[in-house]
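I have placed the structure first, in the form of C-alpha cells, so that the comments after it can refer back to it.
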Amino acid sequence: MNNDPVMNMTIDPELHTEKVVTNNKLFLIDLKKNQAGYYLKVSEISNQKKSSIFIPQEGISGIIDALCKISAIMDKENA
C-alpha cells in the first residue's frame with residue numbers, strides 16, 4: 001500500500017463537483033478528502049487533454065483571495 005498522500009489523491013471520491021465551461025474548455029473543481037484532510041482537485045479538459053492541480057485545504061482561501069483580486073482588476077479595466 002502506498003502511503004504517499006499525493007499518489008493517493010487520485011483515488012479519493014468526489015464529495016462535490018462544480019463545472020465551469022468557457023470557450024472550448026471544461027474546468028472541473030472537485031472537493032475531495034483523504035487521510036490528510038480536504039483538498040480541491042482542479043482539472044482542465046481541452047482538446048481531449050486533461051491537466052489537474054491539487055490544492056490542500058490550507059491553500060484554498062489564499063487561492064480564492066488571489067482570484068478575487070485578479071477579477072476586481074479585470075472588472076475595473078473593463079468598466
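The values are calculated or read from the model by the stated rules, or taken from the named source; none is laboratory data. All values reported here derive from a predicted model rather than from experimental measurement. Note that we place each Cβ from the backbone using ideal geometry, even for glycine, and neighbour counts take in every protein chain shown.
Output the strands (runs of 3 or more DSSP E) that fall wholly within the chain and possess 3 or more residues being modelled with pLDDT of 95 or more, of a type in the set (Ser, Thr, Tyr) and surrounded by 14 or more Cβ atoms within 10 Å (Cβ to Cβ), or say none.
Hits in the chain: 37-46.
Give the stretch 43-73 a look and list any residue that's in contact with a helix residue (DSSP H, G or I) (Cβ under 9 Å, 6 or more places away or on another chain) and hydrophobic (A, V, I, L, M, F, W, C), or say none.
Those that are in contact with a helix residue (DSSP H, G or I) (Cβ under 9 Å, 6 or more places away or on another chain) and hydrophobic (A, V, I, L, M, F, W, C): Phe54, Ile55.
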